[in-house]
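Asks: There's a structure below that I have some questions on.
Where a number appears in this text, it was derived from the coordinates with a stated rule and is not lab data. These figures come from a predicted structure and were not determined experimentally.
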Amino acid sequence: MLSTSTSKAAIIRNYILLSLVVMILGVGLTDIFKNPGRVGQKDRIDNYVRYINAGFVAQTQKLGR
């Protein structure tokens, strides 16, 4: 059953999670603006991910046959 009242623990937990997300996003954005060379590294990693995904698809097709 859904409760209409939220406990203080849930409010504190949600506040902590929200502040962690904001801090992590802030650090990520700061890193991009302070060191734009990392954007090139991200593009290179994204290209590798395409090859890895293609390998997973090929293996899945082999297993499915």
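Asks: Using a cut-off of 22 Å between alpha-carbon atoms, which lysines can reach LYS42, once sequence neighbours fewer than 8 places away in the same chain are excluded?
Replies: Here the lysines satisfying the reach criterion relative to LYS42 are LYS34.
Asks: From the phi angles alone, apply the Karplus equation (6.51, -1.76, 1.60; θ = phi - 60°) to segment 44-54 and give each ³J(HN,Hα) in whole Hz, x where the residue is Gly or Pro.
Replies: 5, 5, 4, 5, 5, 4, 4, 5, 5, 4, 5
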